Every structure is written in C-alpha cells, then in structure tokens.
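Below is one structure; the comments refer to it alone.
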C-alpha cells in the first residue's frame, strides 16, 4: 500500500483538525478559505454543493471563499464556521516576545 492510501485512511480526531485549522489561520499559515475547505472535507465529508446548501449560501460563494477569490462578509464567514463550532475573532500578530508590540 502506498503512503497516500495509508494516510487517507488515517482520520484525525475532529478536535485535532479544528486545532490545526485554528492555529494555522491564527499564524497566517492557512487562509480562511483553505481552513474552511479542510473542515468541510475532513469533518463534514460533504462536497461543495451539499455544504453550500446546508450552510445557506450559494455554491458560487462557497467556491469563491475556498479558492480565496471571494471577499465574504464577517457574517458569512461566521455562518460557515459556526457549523464547526468556530467564529471569527481578532488575534494579535505580535508574539509576547516581540518588543515591537503596540501597547
């Protein structure tokens, strides 16, 4: 069995996926749309059409958000991420060790 098949059969726990997406977005390593796509695929298991219907947005809007081409409102983002128990918040881009932190 090749590595791709073996890895695809190993499903991470929901909490681990949520944590990875939260941290990736907070660090800026992962765009919101990429995070949403990962949650949709790995947690919900739904295709874009079914997820768009479930979340109450158009397929075109969902596809645009996931591809980074759309500019959704905070309301739309929260509507999508709330299905996974998440909401958008502010995260400081400065670490505690950064002396240039605005006080």
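Any read-out appearing in this document is the output of simple, stated calculations on the displayed coordinates, not a laboratory observation. These numbers come from a predicted model, not from an experiment. Methodologically, a virtual Cβ is constructed for each residue, glycine included, from the backbone with ideal geometry; neighbour enumeration extends over all protein chains shown.
Take the Cβ-Cβ distance between residue 61 and residue 90 as r, set R0 to 22 Å, and report the resulting FRET efficiency rounded to the nearest 0.05. Efficiency, from the Cβ-Cβ distance: 0.40. The length gained on full extension between residue 75 and residue 44, counted as 0.36 nm times the residue separation minus their Cα-Cα distance, comes to 9.1 nm.
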